[in-house]
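Comments concern the structure below.
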Amino acid sequence: METTILLADDHRIVREGYKRILEDQTGFRVVGEATNGEEAVDLVAKLHPDVVVMDISMPRLSGIDATRRIARMGLGTRVLVCSMHDDRTCVEEVLRAGASGYVLKDASATELVSAIEAVRAGDSYLSPAVTQQVVSAIAHPGDRPSFAASGLTEREREVLHLIADGLSSKEIAQRLGVSLKTVESHRANVMEKLDIHKVSGLVRFAIRAGLVAP
């Protein structure tokens, strides 16, 4: 059974490396390449690949947000995140977004192939190097959330900080020198990414993360 694969990474040399590895494997076919998160989502809708090998840090739309959108499509496409980040909060956020696996970029070609085969078969896969991080997270669920893992941009973090400080959208717009519409857009993005839809919830999140004092 052939496995069709979409590569999503903003570095051409990385995509070319993946492609050489995967096309040497019997039954694997790379059907497309995306250079940013939005393009990855569009190509999944168009090509319906079995697996997406997804980077986290990409322009226009992060790999986490792209994974979340792909999961909502309900096409059965499995997402395997391949990233340089090995902290557990990144792994947790990726899995919550709907990814089926997580591989570090310094993994061997053999491990990458095994991970793709696993998620294609409907299983989950975590690099051994990050498995212990997830086990630790289960053992210590009260740890602070990570902004790096949340996928928030620097400006969105600024907006969250100011919301937690009690500023209105109009006051935030004046403080940052942007339009009210821009602030409202950032605010909506923050709520969607954190899956928190009340200001009180945003404030609690900011306090737990150590962004503002309780």
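The values are calculated or read from the model by the stated rules, or taken from the named source; none is laboratory data. Treat the numbers as computed from the prediction; the structure is a model and nothing was measured. Here Cβ is always computed from backbone atoms with ideal geometry, including for glycine, and neighbour counts include all displayed protein chains.
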message: assigned to a helix (DSSP H, G or I), modelled with pLDDT of 65 or more, on the phi < 0 side of the Ramachandran plot and of a type outside the set (Asp, Glu): is that true of VAL183 in this structure?
response: yes
field: Filtered residues of the range 90-108 (kept if over 14 Å from TYR125 (Cβ atoms) and more than 11 Å from the chain's Cα centre (by Cα))
entry: LYS105, ASP106
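Here's a check for you: in the range 55-96, which residue that is among the β-branched types (Val, Ile, Thr) and part of a loop (DSSP other than H, G, I, E, B) is nearest to ILE5 (Cα to Cα)?
Only one residue fits best here, namely THR77.
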message: Quick check on the range 1-55: of everything there that is free of Cβ contacts under 8 Å to residues at least 60 places away in the same chain and hydroxyl-bearing (Ser, Thr, Tyr), which residue is surrounded by the fewest Cβ atoms within 10 Å (Cβ to Cβ)?
response: THR26
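If you check ALA109 against the conditions, is it modelled with pLDDT of 90 or more and either crowded, with 18+ Cβ neighbours inside 10 Å or within 25 Å of GLN25 (Cβ to Cβ) (or both)?
So ALA109 passes the test.
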task: Could you tell me whether GLY122 is modelled with pLDDT of 60 or more, loosely packed, with under 15 Cβ neighbours inside 10 Å, touching a strand residue (DSSP E or B) at 6+ places or on another chain (Cβ under 9 Å) and at positive phi?
output: yes
